[in-house]
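Since the structure comes first, as structure tokens, the remarks are kept for the end.
What follows draws every value from the coordinates through simple rules; no lab data is involved. All of these numbers come straight from a predicted model, not from anything done at the bench. Reconstructed Cβ throughout: ideal geometry from the backbone, glycine too, with neighbour counts over all protein chains shown.
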Amino acid sequence: MDIVEQIRQGDVRTSARLIRDIDDGVPEARTVLKALYPYTGRAHIIGITGAPGVGKSTLTDKMIQYLRQQHQTVGVVAVDPTSPFSGGAILGDRVRMQRHATDEGVFIRSLATRGHFGGLTVSARAVVAVLDAMGKDYILVETVGVGQDEVEIVSTAHTTLVVTVPGMGDDIQAIKAGILEVGNLFVINKADREGAERTYQDLVTMLEMRAATRDADGWQPGVYLTEAPRNIGIEELMQGILAHQKFLQQDGGKYWQKALYQRTRAELVDLIKAGVIRRLMRSLTANDRLEELISDILAKKTDPYTVSEDIVARTLKKCEF
């Protein structure tokens, strides 16, 4: 409980140790997370997603700067690809945001994907909860940048930014299909490049078409032109984020509650899946049963489909509700 109180007081060292334990899968970390949970739910979570090379980290850096100028405290979770050698994050977003390292109002943590696809890591939501319990006003979650599959952020963030740039061959390749449904705001970064205006018009047209063909919740996503290194368009973008935050809280906060429900559901489902897989794999590997099954499959005595179906059936039979 001392750890919980230290984290609630914003103690950086205690929080950093807990986040390290969460990322390393230390069992004791879950006990602390359970005790912290009642103190979460206050921070506004902003997801920042988009294809590699669109300048998400520089944009995040400028967003931190803006929020600090407004005297808001900020937590940052930056998800990076994993080194195949060390298992650590290889891009090092903390280096790019180094100028905020000595700011007590900012806490930045990089997480490695460790082979996880979908834009976030298994531990990302837990780390967000720690930053929330620390009392951060805003938490920025910058995802790894895997393109169109990167939709997990929508179930974690309250406001999701989809970032693209002009001149990527197909100007709107980063916001096709499901990605278009993900964004609450769309950012065309590096807007000094040729083709920025065309990309802007294409995006506006696509969003108008989407609004006309579905039951909208009343929010019309905005499109923003930015040049992050020169701090151009950042204030307008932040005003758009604040407008979406106010939208979620209107009408008694019904849209906020909807977003909270989606986030809680996704978190619970992920925890259940992770727990089942962890226990099942522990059971299969404890007595070399997994190796026996693999040998049978290789010998063509059976097939992976039959084996997997049998394992799932046996597992569910023991766990009926």
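Tabulated values for the structure
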| read-out | value |
| --- | --- |
| Cα lying deepest toward the dipole's positive end in region 1-87, options T49, I19, Q70, charges on Cβ | Q70 |
| Spin-label pair K254/Q220, simplified geometry with 7 Å Cα→Cβ offset, distance in nm | 2.1 |
| Where labels lie 7 Å past Cα in the beta-carbon direction, separation of E236 and R210 in nm | 2.0 |
| Pairs from K62/K136; K34/K246; K34/K273 whose Cα-Cα separation, in the structure shown, is over 22 Å | K34/K246 |
| Distance from region 1-69 to region 235-276 (C-alpha centre basis), Å | 16 |
| Computed label-point distance, nm, for sites Q9 and E28 using a 7 Å Cα→Cβ extension | 2.0 |
| Segment Q72-A299, length gained on full extension (0.36 nm per residue, minus Cα span) | 75.5 nm |
| Computed over region 216-316, Kirkwood Rh from alpha-carbon pairs, angstrom | 18.7 |
| Sequence ranges 158-166, 132-140, 69-77, ranked by mean other-Cβ count within 10 angstrom, highest first | 158-166, 132-140, 69-77 |
